[in-house]
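Here's the structure we're looking at; comments come further down.
The values are calculated or read from the model by the stated rules, or taken from the named source; none is laboratory data. Just so we're clear, the structure is a prediction, and the values are computed from it rather than from any experiment. Backbone-built Cβ (ideal geometry, glycine too); neighbour counts: all protein chains shown.
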């Protein structure tokens, strides 16, 4: 028996083309081109969700190091002292403190050293 699948095929193509809206030239108009670009975009999105975590951790580390050096220590010494003092603050919080509340960061550095 013959199966007409026009609506199914159309909805599948429409979904891909909707996702590809905004792409350059044929990437937003032709199904086959849009499909390839879409697949590549999904690969990039998956990869960069992992990369984003690495990049932010690096940024937080740099900020903490800069603030630690203003307080007369280094990043590695500060993190080691925090661990010994059992002060459990993650790098994101320490970075925010270093930027937005330098006095609190200085207090944490003093507590970690003593």
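Can you tell me how many residues within the stretch 91-109 are out of contact with any helix residue (DSSP H, G or I) (no Cβ under 6 Å at 6 or more places or on another chain) and either in contact (Cβ under 8 Å) with a residue 24 or more places away in the chain or closer than 21 Å to residue 58 by Cα (or both)? Write out each step before concluding.
Kept after step one, since they are out of contact with any helix residue (DSSP H, G or I) (no Cβ under 6 Å at 6 or more places or on another chain), are these residues of the stretch 91-109: 93, 96, 99-103, 106-109.
Filter once more, keeping what is either in contact (Cβ under 8 Å) with a residue 24 or more places away in the chain or closer than 21 Å to residue 58 by Cα (or both): 93, 96, 99-102, 106, 108-109.
Number of matching residues: 9.
Identify all residues within the stretch 20-48 that are assigned to a loop (DSSP other than H, G, I, E, B) and surrounded by 15 or more Cβ atoms within 10 Å (Cβ to Cβ); write none if there are none.
If the condition is that a residue be assigned to a loop (DSSP other than H, G, I, E, B) and surrounded by 15 or more Cβ atoms within 10 Å (Cβ to Cβ), then 20, 23 are the ones that fit.
Quick check on my filter: what residues within the stretch 2-16 are over 15 Å from residue 42 (Cβ atoms) and part of a helix (DSSP H, G or I)?
Of everything in the stretch 2-16, those that are over 15 Å from residue 42 (Cβ atoms) and part of a helix (DSSP H, G or I) turn out to be 6, 7, 8, 9, 10, 11, 12, 13, 14.
Is it the case that the stretch 2-19 has a residue that's surrounded by fewer than 11 Cβ atoms within 10 Å (Cβ to Cβ), modelled with pLDDT under 95 and touching a helix residue (DSSP H, G or I) at 6+ places or on another chain (Cβ under 9 Å)?
no
Going through 45, 68 one at a time, which residue ends up being closer than 30 Å to residue 99 by Cβ, in contact (Cβ under 8 Å) with a residue 40 or more places away in the chain and within 26 Å of the chain's Cα centre (by Cα)?
Sole residue among the options that is closer than 30 Å to residue 99 by Cβ, in contact (Cβ under 8 Å) with a residue 40 or more places away in the chain and within 26 Å of the chain's Cα centre (by Cα): 68.
Name the residues in the stretch 92-103 that are surrounded by 13 or more Cβ atoms within 10 Å (Cβ to Cβ) and more than 24 Å from the chain's Cα centre (by Cα), would you?
Matches in the stretch 92-103: 102 only.
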